[in-house]
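Quick notes on the structure that follows.
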Protein chains: 2
Amino acid sequence: MMSQEEPQEGLSTLTKVTGPSSWSRVSCPCCISNHIEPLVLIQLAENVQPITKQWIMSMISAPVKAGGAQLLVHPGEDMKGDMIVVAAPRCTLLRVTEDLGLCKTYQDGNMTAFSFEDRDNFCNIDNMQQFLTLAERQYIVKHELDSMRAMEDQRIPGIPAPKGKLKARESILQKLEKAGVIRNITPLHDQKLLLALGKQWYTHKSLWGQPLDSIHTYFGGTIAYYFSFLDFYTLALFPPAILGLFITFFLPSANFSNGNKTDSEPTLPKHDDEQPSVSSYMVQAVFSMLWSTVFMELWKRRSAALSYHWGTFNLAEQFQEPRPGFHGELSTNPVTGRLEPLFPEWKRRLRIGVVSVPVVGVFLGLVVMGMAGFYFFERLVSGWHKASESYFTAVLLYLPSIAHILYTNVLGNIYRNVALQLTEVENHREASSFDYHHTTKVLVFTFFNNFAVLFHIAFFKEDLPLLRKRLSSLLIVTQVVNQFTEVVVPFLVDRFLTSADRNLKEDDPEVDHLQAQGSLPAFPGLFAEYIELLVQFGYLSLFSCVYPLTAPLLLLNNLTEIRTDAYKLCKLFNKPFSAPVANMGVWQLAFEVLSFISVMSNCWLLLLSPQVKELTEDAGLSSSKVLVIAVIVEHVLIMVKMILAVMIPDEPDWVRIKREQIEYHSMQALKKQVTLSTNVNFLM
Amino acid sequence: MMSQEEPQEGLSTLTKVTGPSSWSRVSCPCCISNHIEPLVLIQLAENVQPITKQWIMSMISAPVKAGGAQLLVHPGEDMKGDMIVVAAPRCTLLRVTEDLGLCKTYQDGNMTAFSFEDRDNFCNIDNMQQFLTLAERQYIVKHELDSMRAMEDQRIPGIPAPKGKLKARESILQKLEKAGVIRNITPLHDQKLLLALGKQWYTHKSLWGQPLDSIHTYFGGTIAYYFSFLDFYTLALFPPAILGLFITFFLPSANFSNGNKTDSEPTLPKHDDEQPSVSSYMVQAVFSMLWSTVFMELWKRRSAALSYHWGTFNLAEQFQEPRPGFHGELSTNPVTGRLEPLFPEWKRRLRIGVVSVPVVGVFLGLVVMGMAGFYFFERLVSGWHKASESYFTAVLLYLPSIAHILYTNVLGNIYRNVALQLTEVENHREASSFDYHHTTKVLVFTFFNNFAVLFHIAFFKEDLPLLRKRLSSLLIVTQVVNQFTEVVVPFLVDRFLTSADRNLKEDDPEVDHLQAQGSLPAFPGLFAEYIELLVQFGYLSLFSCVYPLTAPLLLLNNLTEIRTDAYKLCKLFNKPFSAPVANMGVWQLAFEVLSFISVMSNCWLLLLSPQVKELTEDAGLSSSKVLVIAVIVEHVLIMVKMILAVMIPDEPDWVRIKREQIEYHSMQALKKQVTLSTNVNFLM
């Protein structure tokens, strides 16, 4: 049990330079080791007094019972004295692994929820670098730093009273960040591992395949899930891409030639389109619907398998300490029996229902109003221009667009703040729940912003040629802009505005390497990346029957997207913390909702297509009869989709069996536990 | 631990007459008791040889390891020798309680999954009559009888070879029933308890309140859930009933006077209805939608609370032995590690998807074809009658109706058999899963049969006056017929064709009492009762805006329904076995689906109402615009419904906390278990 950790290849060189002697001491005998791996870098503000730094370091190394994090600290020893390097002793790593509910390989080869008491039966337990991934070790350090609490009302030394005052049970880290003492907390890169990963990932010659396990090991759960999804999604794009190409190049083109028709008087049907285009149109719409359903169901299965593989299928966040921002009345948690702040669920639901939902609704209303205003003023201005034809009115023509863009941006910025505030007010206990509600709010708004115009064109203007034009320009412009901002700009920055780290040589002091890592910009999170995929998926599943080239274009985009995202993550930003997660979280839901809306959208687009209109007119059906039929078809398709979703199990059989095994064993254990402990008491 | 059971008031008198001496012996010392409670009566065919009876009795009392049921048997000692009375020893009761995952009151007052090893910490453990309800004890006996298996290929003594041949692991009970040896297995009534329950339940003077806990104790889970739901539903009917009465009598009537309009040419709007009727119409439709959602959500909460209260919230059916009809390859269950037949899940899903769904679809198609045929021939015949006006054609007028009724009945009978066969082929492992799939199949068909005509009238003929007439006649006729068949007939039967039991006096031999119990007809199950409620609920939520008196009529019906159902159950049928269950099972889903469809139905009915048509025509909207608006309104309403459903938590907070407590404890137990057992081994 008291094993010494063996030297690891992937270890940073800090240990060589500074030696274990400068690290804080550990009391636990099993945690003494010659090799301490620096995991996390805390950057302080430059004007922080030594006494404050000393206090922070003492808190970080203090035991959990004293409100500390029970970690190892190193003063960094640079000139400015504004760094703290944090490492984790073995016991802390193992204890938190258990708290998080992470699963690890048991001696029988199954993934099993880690238990500290039963630690000797887990594989690789003697080697923390193999037992936990780098990302997990770093997340554990962050988790422990986050959970530092003031045990009583006290003052932070060296900070004046109002800012430096800590109330009992307040989060120390949050306070320090608010007071501006801590600038930044970053997990440290391991340059050797990073180099190896990069080689495998984005400088690799082959077009296909990402080293997902290595990504998970190095960058952690959320990021690995993003890349796994991107991978799967790109693969899934092949069938629609092939169909799209086939329809575009081998079938008679389905161009929407009867463009400028008005709503009130239907124009005469034009006969320049051949019959097959209706069927190709319908094939595309029905395929789109089925594809999006099957894709999401298969991804769920893949996601469940990954979650088992990565040991995150049994996370028990609700039994952990609440997240730092959570507040409530201090009381005994009825479930775990621990003393902690509690906040009743009904109050949260009430706040969501009475405050958040209406406020979000108002903002969505403002988006719609903005759009309506835009159309109104555009019509007004173009009317003036037609009437006068002067230069002044020609300039005025741009005004509505500019005003609309400004309005949208300002609204978006205000909304982002409001969404964060609202979610804070909802006072979620778990970090995942907070993220869920926050992301949902931003998501709904972003989605509305992106698709409101397209829906308006499709279903109110009923102008399919315009929709087609808009869609193709959106896809091509977005693609070009993305490629430029994501490939060219980073490449140039990397090449010419060489980052500080590049100039350092291997034998430069470790401190400078650390300093250099802290100097990169913070990783902006995966929100923008997911949104990009979601909007893409939206174009594809909602409107692709209008523009069959959507899928091939997206496929092309994604193949490069994978490399550029990887490059960005490895080279251009600080390494982010990444929590172990069991799925994509709220994004899963977002994609599913979208694939649900796609059924309706495809159905109505089909109805609007000139070919179908022609067909129904030839058949002598009144427009209201056609609508009734469309409604029935839509409802039937939704039913088919739901049946399909139920029929494809959400997890592969082998994962289900593993999950049931764990359920069964824990049920058995619960029944036997009391007896055993009684026996033990008796025997002792 | 070795406590003697105290004499119980509610005990049957069999023990007095026959004495404990005639019962089979128990080996376990803690199970020896002076009072053995007869629980279940097995009736054999009259020509069964004594050697067969002897063999059956020996198997029932044999230990589980030998394929027996480890129960107590009594030969019944009647003249014909065709009865076996079964009781259960304490150990068997407790063991099966653990296997079923029943929760019982722990010493700390919480409901906890019963653990045999930890039995001494549960309340009432010394008194089986208090620890387990009568229904539970009887269900346990049935469960054990069902799980009797042949340990090897053998012959049942006294039965000729083909029928009497048992294969290894074949269910003995199923074989005996198939071979006609066992006529009937009935749980025994406890006349004193029954009398007390009946007094509380249906002869009580007050209109409200059912003794739900006593019903649960006496009749068991499924039946108690039915009556709880009936109770809750009847209570929930008050708001719509009051609204319906208010609309009918206090608001200007919304009679649909423009009856015979044709579809193609809309008639001129008639102005004999006042303006408010539109709003009353809309109020009714929107209220109906909200009501059905809130009702179902609140019922879920109530259901969760009941499930905790009755100790069934932790049932673990998937870890039990498979149901008797299940077959598969004998192999080790990967979850529990027991040797049992296994059948892969994908094969089952394949059979459902490839066989069951299409076959059910064909039958639904036949229903629709039948309806279409009926309408076609009716029009044909009435055309002939108009042309010739002869007596012959007047008689012919009835022919389509008669043919349709015959067709529907024959189809229904065939379908019932097919549904059972299909579900057998699907080879479900758990009884609940079998019931689920079987009920769903029958349900879909029954629903189609009941509502297809109404939907046809509402949405194809668009003839609201006819819908209204049909609905009111259905409601009133069904009510009268129900009251007659459910109250009057049973009352008459009970009074004049006095059942055998009535004529017996207290001091008649116990055997005659038993004989009398076996002579009643078998309880037909709750399917018909639930279907009745579901169809009612359908009338109410789907079409009530057309006929506002629906709710008051249903309320009246339900108030009597409660009493008549109770009377029927207590007096007119054999006591049924009733499994402990955690909810209404498939019926929950059925009601929810119906309340979902009700949103669409109400929305479209609103659109069809002459008042709304008038309004939109006045506003100058084209009919296709109106349809588009309706589609949007429908989708928004569905979204509102879904948000509402998500917002109302499915279980009360206190149940959630209890559930999480159990999850937490079993998680903790799992982690500690291995260490403890290691320690125990070490200490020993």
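Could you list, in sequence order, all residues of the stretch A:321-333 that are more than 12 Å from chain B (Cβ to nearest Cβ), open to solvent by less than 60 Å² (accessible area, probe 1.4 Å) and either free of Cβ contacts under 8 Å to residues at least 12 places away in the same chain or of a type in the set (Asp, Glu) (or both)?
Scanning the stretch A:321-333 gives a single hit, A:SER331.
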> Can you tell me how many residues in the stretch B:575-595 are surrounded by fewer than 18 Cβ atoms within 10 Å (Cβ to Cβ) and among the polar types (S, T, N, Q)?
Replying inline: 1
> List the pairs whose first member sits in the stretch B:658-670 and is facing chain A (nearest Cβ under 7 Å) and within 18 Å of B:TRP310 (Cα to Cα), whose second member is open to solvent by 40 Å² or more (accessible area, probe 1.4 Å) and assigned to a helix (DSSP H, G or I), and whose Cβ atoms are under 7 Å apart, counting only residues at least 6 apart or on separate chains?
Replying inline: B:GLU660/A:GLN318
>> Being open to solvent by less than 20 Å² (accessible area, probe 1.4 Å) and not assigned by the TED database to the domain that holds B:GLN129: is that true of B:LEU194 here?
In response: yes
> Here are B:SER401, B:SER356, B:SER382: which of them is open to solvent by less than 50 Å² (accessible area, probe 1.4 Å) and touching a helix residue (DSSP H, G or I) at 6+ places or on another chain (Cβ under 7 Å)?
Replying inline: B:SER356
> Applying the selection to the stretch B:608-637, what residues are open to solvent by 30 Å² or more (accessible area, probe 1.4 Å) and farther than 20 Å from A:SER622 by Cα?
Replying inline: B:LEU615, B:ASP618, B:ALA619, B:ILE632, B:VAL633, B:HIS635, B:VAL636, B:LEU637
>> For the condition part of a helix (DSSP H, G or I), over 26 Å from B:ASP463 (Cβ atoms) and within 11 Å of chain A (Cβ to nearest Cβ), what is the one hit in B:VAL631, B:VAL646, B:VAL655?
In response: B:VAL646
>> Anything in the stretch B:292-319 that is in contact with a Cys (Cβ under 8 Å, 6 or more places away or on another chain), open to solvent by less than 10 Å² (accessible area, probe 1.4 Å) and either within 19 Å of A:TRP346 (Cβ to Cβ) or within 14 Å of chain A (Cβ to nearest Cβ) (or both)? List them, or say none.
In response: none
> Which numbered condition trips up A:GLY244, out of (1) within 24 Å of the chain's Cα centre (by Cα); (2) in the same structural domain as A:LEU520 (by the TED database)?
Replying inline: (1)
>> Take the residues in the stretch B:100-114 that are within 11 Å of another protein chain (Cβ to nearest Cβ) and over 13 Å from B:PHE313 (Cα atoms); name whichever of them is most open to solvent (accessible area, probe 1.4 Å).
In response: B:GLN107
>> I'm trying to understand the selection: among the residues of the stretch A:467-483, which are open to solvent by less than 60 Å² (accessible area, probe 1.4 Å) and either free of Cβ contacts under 8 Å to residues at least 40 places away in the same chain or over 23 Å from B:LYS625 (Cα atoms) (or both)?
In response: A:LEU471, A:SER472, A:SER473, A:LEU474, A:LEU475, A:THR478, A:GLN479, A:ASN482, A:GLN483
> B:LEU380 versus (1) more than 30 Å from B:SER147 (Cα to Cα); (2) in contact with a Pro (Cβ under 7 Å, 6 or more places away or on another chain): which is the lone unmet condition?
Replying inline: (2)
> Looking only at the stretch A:301-332, which residues are hydrophobic (A, V, I, L, M, F, W, C), at pLDDT 85 or above and assigned to a loop (DSSP other than H, G, I, E, B)?
Replying inline: A:TRP310
> Looking at B:LYS205, B:LYS178, which one is at pLDDT 80 or above and over 19 Å from B:SER519 (Cα atoms)?
Replying inline: B:LYS178
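Select the helices (runs of 4 or more DSSP H) contained entirely in the stretch B:334-441, then report the ones holding at least 2 residues which are touching a residue at least 12 places away in the same chain (Cβ under 8 Å), within 14 Å of chain A (Cβ to nearest Cβ) and not basic (Lys, Arg).
It comes to B:357-388.
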> So A:ARG90 fits all but one of (1) more than 14 Å from A:ARG137 (Cβ to Cβ); (2) touching a residue at least 60 places away in the same chain (Cβ under 8 Å); (3) in contact with a Ser or Thr (Cβ under 8 Å, 6 or more places away or on another chain); what number is the exception?
Replying inline: (1)
> Any idea which residue in the stretch A:596-624 is farthest from the chain's Cα centre (by Cα), counting only those that are at the interface with chain B (Cβ under 9 Å from one of its Cβ atoms) and free of Cβ contacts under 8 Å to residues at least 40 places away in the same chain?
Replying inline: A:SER622
> With respect to B:PHE445, is the statement that it is modelled with pLDDT of 75 or more, buried (at least 17 other Cβ atoms within 10 Å of the Cβ) and out of contact with any Phe, Trp or Tyr (no Cβ under 7 Å at 6 or more places or on another chain) true?
Replying inline: no
> Can A:SER21 be described as modelled with pLDDT under 80 and either out of contact with any strand residue (DSSP E or B) (no Cβ under 8 Å at 6 or more places or on another chain) or outside any helix (DSSP H, G or I) (or both)?
Replying inline: yes
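The values are calculated or read from the model by the stated rules, or taken from the named source; none is laboratory data. Note that the structure is a prediction, hence the values are computed from the model and not measured. Don't worry about glycine lacking a Cβ; one is built from the backbone with ideal geometry, like all the others, and counts go over all protein chains shown. Ligands, DNA and RNA are stripped out before the accessible areas are found, and what is left, the full protein with its side chains, is counted by its heavy atoms. Shrake-Rupley method; radii C 1.70, N 1.55, O 1.52, S 1.80 Å.
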